[in-house]
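First comes the structure, then the notes that go with it.
The values are calculated or read from the model by the stated rules, or taken from the named source; none is laboratory data. Since the model is a prediction, treat every value here as computed from it, not as a measurement. Glycine also receives a Cβ, built like all others from the backbone with ideal geometry; neighbour counts cover every protein chain displayed. Only protein heavy atoms, including side chains, enter the accessible area calculation; ligands, DNA and RNA are left aside. Shrake-Rupley method; radii C 1.70, N 1.55, O 1.52, S 1.80 Å.
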Amino acid sequence: MALEIDFTAFCDAAPSPYLVLDKDLVIRYVNPACLQITGRTREELIGKYFFDALPGNPGAPEDAEYVKASLLEVLDTGKPDTLTLQRYDMPAPEQPHEFEERWWSMVRTPILGPDGSVKWVVQRADDVTAFVHSPGARQFTEHDKGIAAELYVRARELQRLNQELRQAHARECQVAVTLQEAMLDDPDLLRYENVAVRYLPATTSLNVCGDWYDLVDLPPDRYSVAVGDVVGHGLHAAAVMGMLRSALSAAIRALPSPAQALEILGLYARSLEGATAATAVKVLIDPRTRLIIYSNAGHPPPVLLHRDGACELLDQATDPPLGARPHHVPRPQASLTYKRGDTLVLYTDGLIERRDEDIYTGLAHLTKALAQDTTLAPDQLADTLLARLGVANGASDDIALVVIRL
């Protein structure tokens, strides 16, 4: 029998001070212990921005900076954060312009929403001022006080260094994303308002990665789209990705046949270190005949979303990865028709693969997410799809996504 718990009643009865913040750092819940320890009423806290309701001592702004940095870290990473010993002064009773010294042990725990982003932050903040000013502390020798002061300084220095590391991490992530976007820049995309692309780097890596997408305009009225995946991360994987992407782009211009283009790319991949396990899928779209022609080299199948919500996998021309075969073998090719208003979705495996699920489960999640709304514009559908699959903020693997309204 499932145990039903009234968590509001549970927190109300908890002796430790708890409050709940939304993603805008607005206080949405406080328990009685928190009201008692802060000396505030529920009306003074609920619905207020945290640093407006509990502003801290203006004479020590660095304390508020550490506390705010911790909260932002939880929102950014979706992981708990702890401030073991943090000073954050409170207004003195009946002296609103005076502050009294207060020390806290703070733990911030995120609660994720259905899309995988942080929806709530639960804060437990225990007042440890009495411990810091305990009689035992006053009985310290000058040597002991010196050690305690040094430990305090080192703790604050560690907090400062942690903040700098968080900032450096964010800068490196931005540099990696900017480099990847530059490598994936595609002028042909500007001519197609019906196409949306997304690239999300792996959340566990600061490096550029090997996932890619490409669109090639084939005058007078056709175009081709490809997505691919090079195993690994880092500059070598990115370099291999760039060479494969360029080679396939050139091949489809010379031979407008997805199968033949992948055959040429496979020959090239076998001569390229790090490319033997690379995968790619190539699609040629002909708006005149409303025909999709495709070939797949070991890649997850694209999905054709029909206007009635039915989904069709492009899985009738699947072959091993690019450099897997020691000898040249012609690659398969298949075709299917589409209707105006259908949507074609190409992606890399980071969108659907999860460690605790097989690929068929991931494909089922993908088609179910697509079928929920067939009227969204490509840009809206791309963002909605990432959110519905819980990867809007990235996943353990990189993700490349292309959405085409046919």
Restrict the check to the range 43-55 and report whether at least one residue is over 33 Å from the mean Cα position of the chain (by Cα) and open to solvent by 40 Å² or more (accessible area, probe 1.4 Å).
yes
Give the range 293-317 a look and list any residue that's closer than 19 Å to residue 253 by Cβ and β-branched (Val, Ile, Thr), or say none.
293
Subset of the range 71-84 that is assigned to a helix (DSSP H, G or I) and among the charged types (D, E, K, R) - its residue that is farthest from residue 162 (Cα to Cα):
76
All but one of (1) touching a strand residue (DSSP E or B) at 6+ places or on another chain (Cβ under 6 Å); (2) closer than 28 Å to residue 194 by Cβ; (3) open to solvent by 20 Å² or more (accessible area, probe 1.4 Å) hold for residue 285; state the number of the condition that does not hold.
(3)
Report yes if some residue within the range 322-334 is in contact with a strand residue (DSSP E or B) (Cβ under 8 Å, 6 or more places away or on another chain), modelled with pLDDT of 95 or more and assigned to a strand (DSSP E or B); otherwise report no.
yes
Can you tell me which residue in the range 335-349 is most open to solvent (accessible area, probe 1.4 Å), limited to those that are outside any strand (DSSP E or B) and over 21 Å from residue 363 (Cβ atoms)?
340
Inside the range 344-363, can you point out the residues that are over 26 Å from residue 293 (Cβ atoms) and over 20 Å from the mean Cα position of the chain (by Cα)?
358, 361
Among the residues in the range 80-95, are any under 30 Å from residue 366 (Cα atoms), surrounded by fewer than 20 Cβ atoms within 10 Å (Cβ to Cβ) and either in contact with a Pro (Cβ under 6 Å, 6 or more places away or on another chain) or modelled with pLDDT of 90 or more (or both)?
no
Filtering the range 1-38 down to residues that are of a type in the set (S, T, N, Q), at pLDDT below 90 and touching a helix residue (DSSP H, G or I) at 6+ places or on another chain (Cβ under 8 Å), which residue is farthest from residue 123 (Cα to Cα)?
38
Which of the residues spanning the range 85-124 are basic (Lys, Arg), part of a strand (DSSP E or B) and in contact with an Asp or Glu (Cβ under 9 Å, 6 or more places away or on another chain)?
87, 108, 119
Tally of residues being part of a loop (DSSP other than H, G, I, E, B) and either in contact with a strand residue (DSSP E or B) (Cβ under 7 Å, 6 or more places away or on another chain) or farther than 20 Å from residue 195 by Cβ (or both) across the range 354-376
7
Test: residue in the range 61-70 that is surrounded by fewer than 17 Cβ atoms within 10 Å (Cβ to Cβ), over 19 Å from residue 163 (Cβ atoms) and not small (Gly, Ala, Ser):
no
Going through (1) farther than 19 Å from residue 367 by Cβ; (2) small (Gly, Ala, Ser); (3) open to solvent by 40 Å² or more (accessible area, probe 1.4 Å) one by one, residue 310 fails only at (1)
Please list, ordered by residue number, the strands (runs of 3 or more DSSP E) wholly in the range 251-310 having 2 or more residues that are in contact with a His (Cβ under 7 Å, 6 or more places away or on another chain).
279-286
The lone condition residue 121 fails out of (1) open to solvent by less than 60 Å² (accessible area, probe 1.4 Å); (2) modelled with pLDDT under 90 is (2)
If we keep just the residues of the range 377-400 that are among the polar types (S, T, N, Q) and assigned to a loop (DSSP other than H, G, I, E, B), which is farthest from residue 305 (Cα to Cα)?
396
